[in-house]
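Chemist: Take a look at the following structure, please.
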Amino acid sequence: MEKAIFAGGCFWCLDTVFRKLEGVVEVVSGYTGGHADAPDYHSVCEGLTGHAEAVAITFDPDVIRYLDLLEIFFAIHDPTTLNRQGHDVGTQYRSAIFFTSEAQQQLAQRYIEQLNAKQIFSAPVVTELTAASAFFPAEVDHQNYFENNSNMPYCHIVIAPKLRKFKEIFQDKLKK
């Protein structure tokens, strides 16, 4: 098993998508990349800890490649807005890849370079590429948020459309 750690705005959206993939064994929403020893949802949301809302994905590389996870990550969020995703603003919502190996770092760097060279987005990719550091799991009510709260307005307005788009594009990678 390998681990990938991505931040791309609200962790509820990332959590929802990556849980649907064949080869993904576990997804944990949490906080990483900051300076506090015990971050919690409120301190992170207030921008007091330097942490990003992120997901730690445990996956089987014999079933799904890290490159596949990168492709999906860049398809489901806007990697061109610094410290912002939609209405969520602040460093806690930054686009970031926290690599867990040199191989992940190299793959991510090359992928970002290709996206920029091909001008896939209307602006350059500003995704931070940083070595993984301490990862703090978020509180229980933030785990598998969409499945547990699908009738909440945020889920209908923000998460559900991303999930539909993801399923259309990546249907061949979905769990059976």
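The values are calculated or read from the model by the stated rules, or taken from the named source; none is laboratory data. All of these numbers come straight from a predicted model, not from anything done at the bench. Positions of Cβ are backbone-derived with ideal geometry, glycine not excepted, and every protein chain shown enters the neighbour counts.
Chemist: Quick one: what pairs do we get from segment 132-145, first residue farther than 27 Å from SER101 by Cβ and of a type outside the set (Lys, Arg), second part of a strand (DSSP E or B) and modelled with pLDDT of 95 or more, C-beta under 8 Å, 6+ apart or different chains?
Modeler: TYR145/SER29
Chemist: Would you mind finding the one in ALA131, ALA123 that is within 30 Å of ASP37 (Cβ to Cβ) and either aliphatic (A, V, I, L, M) or touching a Phe, Trp or Tyr at 6+ places or on another chain (Cβ under 8 Å) (or both)?
Modeler: Matching residue, one of ALA131, ALA123: ALA131.
Chemist: Just for segment 100-114: of the residues that are touching a residue at least 40 places away in the same chain (Cβ under 8 Å) and crowded, with 19+ Cβ neighbours inside 10 Å, which one is nearest to HIS77 (Cα to Cα)?
Modeler: TYR111
Chemist: In segment 1-28, what count of residues is obtained for those that are among the charged types (D, E, K, R) and in a strand (DSSP E or B)?
Modeler: Total meeting the criteria: 3.
Chemist: Looking at segment 114-173, which of its residues are under 20 Å from PHE6 (Cβ atoms), in a loop (DSSP other than H, G, I, E, B) and small (Gly, Ala, Ser)?
Modeler: ALA123, ALA132, SER133, ALA134, ALA138
Chemist: Restricting to segment 76-113, name every residue that is part of a helix (DSSP H, G or I) and at pLDDT 95 or above.
Modeler: Of everything in segment 76-113, those that are part of a helix (DSSP H, G or I) and at pLDDT 95 or above turn out to be GLU102, ALA103, GLN104, GLN105, GLN106, LEU107, ALA108, GLN109, ARG110, TYR111, ILE112, GLU113.
Chemist: Within segment 25-46, which residues are buried (at least 21 other Cβ atoms within 10 Å of the Cβ) and aromatic (Phe, Trp, Tyr)?
Modeler: Answer for segment 25-46, where residues must be buried (at least 21 other Cβ atoms within 10 Å of the Cβ) and aromatic (Phe, Trp, Tyr): just TYR31.
Results for (1) small (Gly, Ala, Ser); (2) modelled with pLDDT under 95; (3) under 19 Å from HIS77 (Cβ atoms), shown as yes or no for each residue.
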site: PHE6; (1), (2), (3): no, no, yes
site: ASP15; (1), (2), (3): no, no, yes
site: PHE18; (1), (2), (3): no, no, yes
site: LEU21; (1), (2), (3): no, no, yes
site: VAL25; (1), (2), (3): no, no, no
site: SER29; (1), (2), (3): yes, no, yes
site: PRO39; (1), (2), (3): no, no, no
site: THR49; (1), (2), (3): no, no, no
site: PRO61; (1), (2), (3): no, no, no
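Chemist: Name every residue in segment 134-149 that is within 19 Å of THR32 (Cβ to Cβ) and crowded, with 16+ Cβ neighbours inside 10 Å, in order of residue number.
Modeler: PHE135, PHE136, ALA138, HIS142, GLN143, ASN144, TYR145 - these are the residues of segment 134-149 that are within 19 Å of THR32 (Cβ to Cβ) and crowded, with 16+ Cβ neighbours inside 10 Å.
Chemist: Can you pull out every residue in segment 18-45 that is under 13 Å from the mean Cα position of the chain (by Cα) and of a type in the set (Val, Ile, Thr)?
Modeler: The answer is VAL27, VAL28, THR32.
Chemist: Looking at this structure, is THR49 outside any strand (DSSP E or B), crowded, with 21+ Cβ neighbours inside 10 Å, more than 16 Å from the chain's Cα centre (by Cα) and β-branched (Val, Ile, Thr)?
Modeler: Here the answer is yes, as THR49 does meet what is asked.
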